[in-house]
Each structure stands twice: as structure tokens, then as C-alpha cells.
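*Asks:* Quick one: the structure is below, and I'll ask about it shortly.
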Amino acid sequence: MNPPPHLPEPSADLQSAAHQVLSAVFGYTAFRGQQADIVEQVAAGGDALVLMPTGGGKSLCYQVPGIVRHTRGQGVAIVVSPLIALMHDQVGALEEAGVHAAFLNSSQTGEEASRIEREMMSGRLTLLYAAPERLTTPRFLAQLTSLHERGLLSMFAIDEAHCVSQWGHDFRSEYLQLSLLHERFPDVPRIALTATADDLTRADIIQRLQLQDARVFISSFDRSNIRYLIAEKGNSPRDQLLRFINDEHEGEAGIVYCQSRKKVDETAQWLESEGIKALPYHAGLDADVRRRHQDRFLREEGLVMVATIAFGMGIDKPDVRFVAHLDLPKNIESYYQETGRAGRDGAPAEAWMTYGLADVVNQRRMIDDSPADEVFKQGQRGKLDALLALAEATDCRRVRLLHYFGEQSTPCGNCDNCLNPPQTWDGTEAARKLLSCIYRFHQRGERFGAGHLIDVLRGKATDKTRQYGHDKLSTWACGTDLSEQQWRAVLRQLISLGHVAAEGEFNTLALQDSARAVLKGEVELRLREAEEKKPRSKSARGGGAKPKVDPALGLDAEATERFEALKAWRSEVAKEHGLPAYVIFQNTTLAEMARQLPSDLAELGEISGVGAKKLEAYGREILRVLGR
């Protein structure tokens, strides 16, 4: 079968063929970063492990070699993906671009699945997306074996590869069986991709997927368009969130993460009552409700999804302008992965988080109470400590975040600490007072939580302090110079630094070995002042209503009108095709059309993101909308 005219000839060298696919199919003139090297490695039949940040273009790293190998008669590329929604949207995007792709998952009828299997077995499909649990069934393995024997199994792409690692933030047991791909089909190239993996997780992926001979490609983890903001929890974190959304992101799409299902439901309902269009998402909702809510988030503009970590992996919506955390994630990998869902289009976005003492205590308790072995728990404690160090940092957030992934950088000038350097103070004496008070409890064989400890430090007479005679302790009222909020900040930072631990069902406080040096005055502690940072007000940003188009798009008034007209047209096309609008064209591509105002099909075809199939399908309509 001859390839369509916009695909390379089988005789074209790999580099030329890859660039032809990139241009003709996807509408881009050049690869970004390491994409070209990755594509050439896999297209030539080699294995690869790719660590690339969300929004960095991971999909092209397997789609382009899959297309190139298919045009050379090497058959179908199998893409392992754990997410039904992502399969649907990526296949839709490929079909829009003129690439024959399909998916197999539990949402299909037996008849639909059989039809796609026939397409696969005939060699006509270019890419097939499948869930990991399907891949390892005897029936599917037999089909892959048949394809392989006929030379029609071109490659395997394993997306979200961190799911194979127990050290990863999203471990899935079904990924463990994917090692059999190498055992059964050792000559079929494999590419494993993830946006987040520290050294421990990376080594685990290599071992479990048998990628010891793979080339490892590590892109910069820096998402320079994301501004990181972390605030201390005040009396009403929900009000803090509301100020952040109203002042900074009114009418824009965003994700709000909460730890519990109940909090998700309550927060979504509360945001709705405050006039913000919001939906809940968590594993406790009916599967059909979750699907509807996810579809609405992907297809509608300006919607806020309030969710647990059950939501987000593989979400490809490019115009998410903010990700907010009302609770502390469990580690830096989770934080990086979740915040990375903002600003995939490269335009400015914000990652906002508020956390307090209770978050620290809860996360430590969840680790301690888990049924895992002590080695695993210790690893998780270390990961949590790294996140707490990021949250309590007084220097550049981005430098800290990148350092965790082994990348050196300089202060970004764009995070909250760079823009408004926090005040610090010598908290050594306050820390000694607090630790001494806990030590006095221990001498009496007593354990108490944060509230009672702070009452004793501040000399607050209560039934409990009188009952235990704590108004007679030498540490009674030794800390009247600090407010309750300030003492909570001191305690939170001492827990973060590992000098104090909260233990048991009632989170009673215990001294750790390192506390001895602090008590002896051998360690100086510079602590962050307890101060909530409020978002900039609208007047501070120039006042007035927020423009409908992000200033980063650089459109004047007339171009903005054209951009809005293109968006309205795109919305209608997306509805007809049952796809999210960004699958048709991304905002950045529409903005470029509105800015350049192409006069004919040839000029339109030069715009980044306009491939040959889309030019053929939509070119004349776009020119009509632009008035050309």
C-alpha cells in the first residue's frame, strides 16, 4: 500500500522521514529539545527511556517513529496507556491529522473491539492504544505474536512509565507484567516515557521493564512558564483559595486538589455558591459521573475541577491556567506531576498551595500507619521531608524543585520567594522553649498534642492545664511573646526539620534524636515568619476587567476579534466530532492565524500546528472565518 501523499516514502532516510512526518502530519517545522534524537533512536529500532516534563512533547516521541516505521511496512505501534479518556482524545487527534489510529479498552462493545482487532491484525492501523491489563491477556499476546511473526509489530510505547515503580507516586501493579514485552519480543523497540521520576524511581523503571540497554533521555524539568506560590494556611483556607481564583484567574480553567473525597465535594459545592463554575471528581463518584465531569472539563472553557489525585494523569488540556492544592501532596513527585497540568500550552500559569501544621502531621501519620515495610516507609518519609523543605524554603522555589531532580539552576525571579522574599528570624530560643516543654511532659510520662502544648507555652489556663498541674511547670507561660499562629509555625517547622514527631491516633508530640543539639544550643535555627501572602489585587495588576485573551498571545484588538471568531468556529467543529476543542487546533495556533491573517491556503499551511490533513479539511473554512 502506498503511503498518503503527506507521509514520507519508505526509501527516505530516518531523519528526513521524521521531519516530513512532523511537518506534514503535525504542522511543526522543527523538533524541540531532545525530540529529534529520541525519534531517531526508536525509529531505527533502539530502546529509549524518556523523562520529559508535562507539556514537553512526549507524545510526538512515540507517535512520529510509529508513523515512520508504519510507512516502511513495519506494522502497528502499540501504545500502553492507563487512561481511557487520554486514549480517546489522542486517537481523535491522530485521526484528525490523517493518521489511522484506534484504541481498545473496557468502554467498547465486543463488536467494536473485534472490528479494531481485525484492523490491527491486517496491519492497516498505524498506532493502537491499549490498557496494560489488556496487553498481558493470553488472547492479546497471541495476536501480538502473530503480528510479530509476520513482521507487523513495529514498536511498543509505555506511557506513564513511573506506574511500574513502587517508589513512584502512582504505582499500578498491572504495569509490573509489562516486562514480558521484552521477554517475548526482544527485537521490537520499546520507548518508556514519564514526566516525573527521581533517581530511585528511574532505576526501578529500568530494572522492572528490562531497559538496561536503552538510551536514557532526560530533559530539563524546568517549567519556566509556571509560577510557584506556597502560602501558610490561615483561619479559612477556602477564602484564601477564593481570593486567589478571583484576583488572579477569574473565568479561567483550573484544578483544585484536596486530600479527601468529602472535602472535594464540599469545596466544589462552595465554589459554585461563590459563583465559580466547579465540578467534583474522585473515585467515590459513579464512573459515569466521573466520565461526564472529565469530558466537561476537557471541552468547556473556564471550568474548575475540584479533585483528589484520582484525577489528572494524562489530562491533556493545554489551557489550564492554575493548579491549586488545599492540602499537602505526599511528595515532590506528586506535587510536580500535579502542578505540571497547568500551562501545557506554554503560556503563563500558576501553581498555588496552602498548607499548615495539620497537613504535616497527617502525611507523616499516613506513612507511619501504612502496612508497607520499614524500608519503604523510610523512603516515603525522605520524600515527604523534601517536599516540606520546599514548602518552608526562604530561597527560590524553582531552584529547590529542580535540585530535587538533580538539575542545577539559578533563582528564577518569578516564584513567590523571589518576588517577595520572606522574612526570617532567629527562632533558636523559641525552639528551645517548645522542645523543653515537650521534654517536661516526657519526664512525667505524659504525651500531648499541639493545642495543649501551645496553651502551656502561652500560659492559657484551661481545665486540662489545671487537671495535669501544668501551670506549675517551669515552662508555663514562657512563650507569651508569640501568638498561637506563630507557635504553630514554629512547631510545624520543627516537625519539618525532623526535631519533633507527631505520633499515634491523637498526634501526640515526641522529641527526636536531633532535638538534643537544639536544646543544648548547638544549632542555630533561622525560621520563616508566620505570615500569609495574599495574591496581588486587581488594582496592583493595573485594574479593570481581565482581558479575554491572555496578553502572552500578543494580539491587538482586531486580532482578538478574529481569535474569538476562530474559537467559536472551532467549538462547533469540536462538538460535531465529539472531541475537545484543543484537539482540532490549540489556542496558540488560532492566535497565530489571527495575528498573521493568511491570505490563502499556502500561507495558512505555513502556520505552526497546521498539518496537511487539517489544511485540506478546514483550510477554506478558516479563511472564510478570517474574512479572506
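*Asks:* List pairs: first residue in the range 454-469 and assigned by TED's automatic domain parsing to the domain that holds residue 441, second residue of a type in the set (Gly, Ala, Ser) anywhere in the structure, Cβ distance under 7 angstrom, at least six positions apart or on different chains.
*Replies:* Pairs that qualify, where the first residue is assigned by TED's automatic domain parsing to the domain that holds residue 441 and the partner is of a type in the set (Gly, Ala, Ser), are 457/479; 458/477; 458/479; 459/477.
*Asks:* Just checking, does the range 277-300 include any residue being more than 27 Å from residue 589 (Cβ to Cβ), part of a strand (DSSP E or B) and either among the acidic types (Asp, Glu) or touching a residue at least 60 places away in the same chain (Cβ under 8 Å) (or both)?
*Replies:* No; the residues of the range 277-300 include none that is more than 27 Å from residue 589 (Cβ to Cβ), part of a strand (DSSP E or B) and either among the acidic types (Asp, Glu) or touching a residue at least 60 places away in the same chain (Cβ under 8 Å) (or both).
*Asks:* Just one of (1) under 16 Å from residue 626 (Cβ atoms); (2) surrounded by 21 or more Cβ atoms within 10 Å (Cβ to Cβ) trips up residue 595, so point out which.
*Replies:* Among (1) under 16 Å from residue 626 (Cβ atoms); (2) surrounded by 21 or more Cβ atoms within 10 Å (Cβ to Cβ), residue 595 violates only (2).
*Asks:* Do we find that residue 98 is in contact (Cβ under 8 Å) with a residue 24 or more places away in the chain, within 20 Å of residue 579 (Cα to Cα) and not assigned by TED's automatic domain parsing to the domain that holds residue 294 in this structure?
*Replies:* Numbers: in contact (Cβ under 8 Å) with a residue 24 or more places away in the chain: yes; within 20 Å of residue 579 (Cα to Cα): yes; not assigned by TED's automatic domain parsing to the domain that holds residue 294: yes.
It is true that residue 98 is in contact (Cβ under 8 Å) with a residue 24 or more places away in the chain, within 20 Å of residue 579 (Cα to Cα) and not assigned by TED's automatic domain parsing to the domain that holds residue 294.
*Asks:* Can you work out which of the residues in the range 187-212 that are more than 24 Å from residue 127 (Cβ to Cβ) and more than 24 Å from the chain's Cα centre (by Cα) is surrounded by the fewest Cβ atoms within 10 Å (Cβ to Cβ)?
*Replies:* Step by step, filter the range 187-212, then rank; the result is 212.
*Asks:* Only residues in the range 31-42 that are basic (Lys, Arg) count as the first member; pair them with residues that are part of a helix (DSSP H, G or I), Cβ under 9 angstrom, at least 6 apart or cross-chain, and list the lot.
*Replies:* If the second residue must be part of a helix (DSSP H, G or I), the pairs left are 32/60.
*Asks:* Ok, one more. Considering only the range 95-106, state which residues are at pLDDT 90 or above and part of a loop (DSSP other than H, G, I, E, B).
*Replies:* Within the range 95-106, the subset at pLDDT 90 or above is 95-104.
Hits for the range 95-106 are 97, 98, 99, 100.
*Asks:* Restricting attention to the range 261-307, which residues are surrounded by 14 or more Cβ atoms within 10 Å (Cβ to Cβ) and hydroxyl-bearing (Ser, Thr, Tyr)?
*Replies:* 267, 281
*Asks:* When you go through 369, 395 one by one, which is the residue that is more than 30 Å from residue 92 (Cβ to Cβ), at pLDDT below 90 and either more than 14 Å from the chain's Cα centre (by Cα) or outside the structural domain of residue 502 (by TED's automatic domain parsing) (or both)? Talk me through it step by step, then tell me what you get.
*Replies:* On the way: 395 fails: at pLDDT below 90.
Criteria check complete, one pass: 369.
*Asks:* Pick from the range 101-120 the residues that are over 24 Å from residue 64 (Cβ atoms) and touching a residue at least 24 places away in the same chain (Cβ under 8 Å): which of them is surrounded by the fewest Cβ atoms within 10 Å (Cβ to Cβ)?
*Replies:* From the range 101-120, those over 24 Å from residue 64 (Cβ atoms) are 106-115, 117-118; that's our starting set.
From what's left, touching a residue at least 24 places away in the same chain (Cβ under 8 Å): 106, 117.
Values: 106: 10, 117: 17.
Checking each candidate, the answer is 106.
*Asks:* Follow-up question, since we're still on this one. From the set of residues in the range 55-83 that are modelled with pLDDT under 90 and in contact with a helix residue (DSSP H, G or I) (Cβ under 7 Å, 6 or more places away or on another chain), which is farthest from residue 218 (Cα to Cα)?
*Replies:* 82
*Asks:* Still on this structure, I have one more. Taking strands (runs of 3 or more DSSP E) that do not extend beyond the range 107-210, which have at least 1 residues that are touching an Asp or Glu at 6+ places or on another chain (Cβ under 8 Å) and among the basic types (Lys, Arg)?
*Replies:* On the way: elements: 127-130, 153-158, 190-194.
Ranges flagged: 190-194.
*Asks:* Counting just the residues of the range 351-398 that are under 19 Å from residue 527 (Cα atoms) and among the β-branched types (Val, Ile, Thr), which one comes out surrounded by the fewest Cβ atoms within 10 Å (Cβ to Cβ)?
*Replies:* 394
The values are calculated or read from the model by the stated rules, or taken from the named source; none is laboratory data. These numbers were taken from a predicted model, which means no experiment stands behind them. Cβ coordinates were reconstructed from backbone atoms using ideal geometry, including for glycine residues, and neighbour counts include every protein chain displayed.
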